[in-house]
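The values are calculated or read from the model by the stated rules, or taken from the named source; none is laboratory data. All figures in this text were calculated on a predicted structure; none of them were measured in a lab. Every residue, glycine among them, receives a Cβ derived from its backbone with ideal geometry; neighbour counts consider all protein chains shown. What goes into the accessible areas is simple: the full protein's heavy atoms, side chains included, and nothing from ligands, DNA or RNA. Shrake-Rupley method; radii C 1.70, N 1.55, O 1.52, S 1.80 Å.
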Amino acid sequence: MTRATWRTRLGFVLAAVGSAVGLGNIWRFPWLTATNGGAAFLLLYVLVIVLVGVPGLLGEMVIGRRSRRNPVGAFGELGGRPWRVLGGVALFASVVVLSFYSVVGGWILRYTAASATGAYFGAPQQYFAAIDFGVGAAAFHALFLLATVAVVYAGVDRGIELATTVMVPGIVVLFGGLAVWAWTLPGSAGGYEFYLSLDVAYLRANFFDVLVAAAGQALFTLSVGAGAMLTYASYIDEDRSLAADGTIIAVLNTGIGVLAGLVIFPLLFSLGVSPGEGGPGALFVGLAGAFADLPYSRVVGVVFFGVVLLAALSSAISIFEVLVAYLVDEHDITRARATAGVGGLFLLTGSLAALSPGLFALLADTIANLALTAGLLGFLLFVGWVLGPAAIDEYRTGAGTVARMTGRPWYYTVAVVLPLFLAFTLVSGLGGVLGVPVTAPQAAAIAALGVVVAIALVRHRVDTAV
Ligand code: PHE
C-alpha cells in the first residue's frame, strides 16, 4: 500500500495550522491568561513559543519526515524496537487530550445551536451548569466525534487537507471581523489594558508559576508532544523546508491566538464581565452571557461559536489521525476500520469525561500538560542523542540557505537546552500535582540531574546496541 501524502505544500501548512489553532487558543488561552496576570502571561507565552515551541515542533517534524511513519513506527524505525515506547507515550497523550477535547467540542456544538435559539440568553450561568456534564454532554461529545470521524475517514488529502484548506482561512477572516467589531464596542478599552499592558510587579512575584503555566500552554497550542505534528510531517516530501514551514505554522497559530484575545477581552470588558472568573466555564459563562446583551446577539453567537467549532474540529482531526496512522501503519488494517475502532475508543473515554467533572478536570488541567511535556522531552532526547547528526541532515533537507544555517544551533537547543527546560517544568508540575511543592532551585537541580542521567543511559544503549 502506498502511503498517503499531502497534495500541496499549502495543504500541509494549513492542516498543521488547523491542528495548532483550536480550543487551546480560544478556550484555554483566555482562561489561563485571566488567571495568570494578563499581559504577564502573554509575554512569557510568546517567549516560550519562540524559544521552546518552535524548536520542539521542528524536532517532531524531523522525526516524522525522516521515518514517514506514525509515532510508534517512527521511533522503532529510527532507533530500534525499545524506542517504540516513546511512540506509546505519544498515543497516551493523544488519548488524554482528545478525551476531554471532544467534550468541550460538544459544548461548542451545543452553544452554536443554542445561540440560534437564544437558549442561554436568559440565565447563562445556569444554562452552562445544566449542560456541562452528564448524559446530554456525552451525546453532544458523540456528535462532535462523529464529525471528526467523517473527515478522518475521507483520508489525508481528500478529507483532512480539503477540510482544513476551507476552515483555516474561514477562521482568520471571521476572527478578524469579530476583532474589529469588538474594538467598536463602548468600554472595550479596559480589555486591551488588561490584555496588553504588563504588570511587572505581578510578573516578578509569580515568575515561575506563570512560566510553568505558559510552557504547558505553549506546547498545547502548538500541538507538540502528542505526535500529531510528527504524524502530519510524515506525509510531506523531501523538498520542503521544515524550518520554514514550522515557522509559518507557529506564527499563524500565535497570530490567531492573539487575535482571539483581541476579540474576547474587549468584549468581556465592554460588558463588565470579569475575566478573572477562571475555570473551564469562563468562555461559556462570561462570553456567552455577554452575547445576550448585544444587538444581533443570535447572529453574533452563531458566527462566534461556529468559528470556534471549525477550529476545534481541525485540531481534533489531527489528534485522531495519530491513532489511525498507528493502526494503519503498524497493524496493516484499512483506514475505514482503523477510524471506526478509534472512534469507538473515544466514544468511551470521552463519555467518561463528559459524565465526570473530576476526571475531566484531571485530564484537562494536569495530565494533558504533563503528558505533552513528557512526550516532547522524550522526543527531543531521542532527536539529540539517538538520531544525532542525522537529525541535522534531515533538518537541512529541502531547506534554503538561511534555514540550513540554523541547523546546528537548532540541534544544540533540542539536544541540551530544551530537555533541561522541559524537565524543569515537568518536575515543577509534578510537584504541584503530588502536593509536594518544590522550589524553583530544587526543581532545576532535580531536572538537571535527571537529564544528565537520561542522556548517559541513552548513549549507553546506543553505543552497546548492535
Ligand atoms: N493545538 C490544539 C489546540 O490548541 C490542541 C492539540 C494538542 C492538538 C495536542 C493536537 C495535539 O486546540
### Summary
For segment 168-321 the translational diffusion coefficient, Stokes-Einstein from a Kirkwood Rh over Cα pairs at 20 °C and viscosity 1.002 mPa s, in µm²/s, is roughly 122
### Task
Please arrange His141, His460 by accessible surface area, largest first, computed with a 1.4 Å probe and ligands excluded.
His460, His141
### Task
At 0.36 nm per residue, minus the direct Cα-Cα distance, what do Val50 and Leu185 gain on full extension? Give it in nm, one decimal, please.
45.4 nm
### Task
Could you rank the peptides 228-234, 293-299, 185-191, 142-148 by their average count of other C-beta atoms within 10 Å per residue, with the highest value first?
228-234, 142-148, 185-191, 293-299
### Message
For the chain, I need the span (max minus min coordinate) of the C-alpha atoms along each principal axis, in Å, sorted largest to smallest.
### Response
69, 52, 44
## Note on the structure
In whole percent, the fraction of accessible protein surface over segment 9-465 that belongs to carbon or sulfur atoms, probe radius 1.4 Å, stands at 70
### Message
From Cα pairs below 8 angstrom and at least 6 apart in sequence, can you work out the relative contact order of the chain, rounded to a whole percent?
### Response
31
### Query
In square angstrom, what is the accessible area per residue of segment 1-90 with a 1.4 angstrom probe?
31
### Task
Quick one: dipole size for the chain, taken about the Cα centre, charges +1 on Lys/Arg Cβ and -1 on Asp/Glu Cβ, in debye to the nearest 20.
640
### Query
Where only protein heavy atoms count, and the probe is 1.4 Å, what is the accessible area per residue for segment 229-315 in Å²?
29
### Message
Normalised by the empirical 2.2 N^0.38 Å for globular proteins, what value does the Cα Rg of segment 64-135 take?
### Response
1.81
#### Entry: With all protein chains modelled, accessible area of Leu381 [1.4 Å, Å²]
20
